[in-house]
1. Of all residues in region 319-375, which are among the polar types (S, T, N, Q), closer than 28 Å to S286 by Cα and assigned to a strand (DSSP E or B)?
2. Here is a check on your reading of the model: is R153 more than 27 Å from G55 (Cβ to Cβ) and buried (at least 17 other Cβ atoms within 10 Å of the Cβ)?
3. What number of residues within region 92-108 are surrounded by 19 or more Cβ atoms within 10 Å (Cβ to Cβ) and more than 22 Å from I203 (Cα to Cα)?
4. Taking K144 as meeting all but one of (1) at pLDDT 95 or above; (2) under 26 Å from F188 (Cβ atoms); (3) of a type in the set (D, E, K, R), write down the number of the exception.
5. Could you list all residues from region 294-318 that are assigned to a loop (DSSP other than H, G, I, E, B) and touching a residue at least 24 places away in the same chain (Cβ under 8 Å)?
6. Looking only at region 31-70, which residues are modelled with pLDDT of 95 or more and among the aromatic types (F, W, Y)?
7. If I filter region 200-238 down to residues being without any contact (Cβ under 8 Å) to a residue 60 or more places away in the chain and β-branched (V, I, T), which single residue comes out as nearest to L372 (Cα to Cα)?
8. Every residue in region 230-278 that is touching a Gly at 6+ places or on another chain (Cβ under 9 Å) and part of a loop (DSSP other than H, G, I, E, B), please.
Amino acid sequence: MNSTAFAPWEDPEATPLIQFQNVTKRFGDFVAIDDLTIDIYEKEFFALLGPSGCGKTTMMRMLAGFETPTQGKINLAGKDIAPVPPNKRAVNMMFQSYALFPHLSVWENIAFGLKREQMPKNDINDRVEEMLRLTRLEKFARRKPHQISGGQRQRVALARSLAKAPKLLLLDEPLGALDKKLRQETQFELMDIQEKTGTTFVIVTHDQEEAMTVASRVAVMDHGKIIQVATPDRIYETPNSVYVADFIGEVNIIEGTATPNGEDSYAISWAEGQSPLKAASAKPFSEGQKCHVAIRPEKVTINAQKPDGVDNLVQGKILDIAYLGNISTYHVELPSGTVIKAQAANTRRIARRSFTWEDSVWLSWTATAGVLLAE
C-alpha cells in the first residue's frame, strides 16, 4: 500500500471518493466535529487517529449514517449521502465487538447480508467461498464463532463486511480485542486484503503504531478538528505542531526563542547557562519568536566522551534506562532539570553495555535532526 506510486491526494485531477465539506456535529452544547473539511480517495487505507473523545468515531458514524451532520455536507462518490439511509449506502461498518451471530456457522455469518438482499443462491455460494479464501477461513466454514479464536472471529467479521462489496469499509478499533502479537499479524492481513479488494478502508484507532503501519494517510485529530493529515512518514518526520509531534512516537520537545542566523538557520536560546541550539527550518521565524524544537530520541547520539565538531551538544546524567530488547532509551537529566531521551541500538549483549545509571554522558544531534515548531 505504501508504494510511492499511489498518491491520488497529490493529483489535482483526482476526484475524492469521500468529501467532508465544512461539517459540524453538535450534541446539545458539545461540539463533537468542528467545521471539518477533508477528502478521502478511492482505494485509500485512511486512518483517523486521536485520543478518546476527539471526534473520530463521530466522523465514522456520520459516514455510516448513524448520525447526521448539524451543518455542512458529506459526499460519497459525488452525491450528498445525508438523505440515504444506512442500509442503502455503499458503506459497511465493522464494529469492535465483531457482532457475529453465535448460532450461525462462519459460512452462514458471511452469507447473512447476501441472503437478506435476496441474491441468487449460486451467487451467494460463489461470493462466500471467495470471501473465505480471501480471509483464509476455508477450513473453518462449518464452525460456530465460539469454536474459533479471536483473530479468526475478526476475519469472519471482515469477510462478512466485504461480502456485499461495499465502496467503503469503516473499521472502528477493529483490532482492539486482540493481543499485541496477533494485532501485528492482523494489521498486515488487513493491508493485504484491502489491496486485493481495492475497497477504500477508513479505520478509527487510538493506537498510533497501528495507524502508522496500515494507513496510506493518517489524520491526527483533537477536539473535533483535524490537526494534520499526511502520509505516516511525513507525520513522523515533519509534524506541523507540538501536538502531532508528541502524539506520534517518542519525542523531546525543547521550548525556547528563535534568533535567525543565516538562510533557514536559527539559534535557539532555551536554558540558562546552556549554549543556544542550532536548528534548521524552511518556515520563517522572527527574532525572539517563541518556538519548540522537536527531536526524536533515535536522532540523539549518546557518548561517554565529549565529541568534536557537532552542531548541538549537552551534558547530563543518566536517570533512567528503558531496555526494549533491540534498543535502549536513555533518559538523561541536564543541569537545568530538563530530561532528554536518547536511543541507541543494542548491538552488544547486556554485560558489555557502555552506559549505566548515574553515568555522566554527552548528547549531540545535528541542526537538521529536529523540527522547529511555532505551536
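1. Residue satisfying the conditions is S364 alone.
2. Answer is yes for this residue.
3. Within region 92-108, residues that are surrounded by 19 or more Cβ atoms within 10 Å (Cβ to Cβ) and more than 22 Å from I203 (Cα to Cα) number 2.
4. Checking K144 against (1) at pLDDT 95 or above; (2) under 26 Å from F188 (Cβ atoms); (3) of a type in the set (D, E, K, R), the one that fails is (2).
5. Once the filter is applied, which keeps residues that are assigned to a loop (DSSP other than H, G, I, E, B) and touching a residue at least 24 places away in the same chain (Cβ under 8 Å), region 294-318 yields R296, V300, A304, Q305, K306, P307, V310, D311.
6. Listed by number, the residues that qualify are Y41, F45, F46.
7. The qualifying residue nearest to L372 (Cα to Cα) is I235.
8. Scanning region 230-278 gives W270, A271, P276.
The values are calculated or read from the model by the stated rules, or taken from the named source; none is laboratory data. In this text, all values refer to a predicted model and were calculated from it rather than measured experimentally. We place every Cβ from the backbone using ideal geometry, glycine too, and count neighbours over all the protein chains shown.
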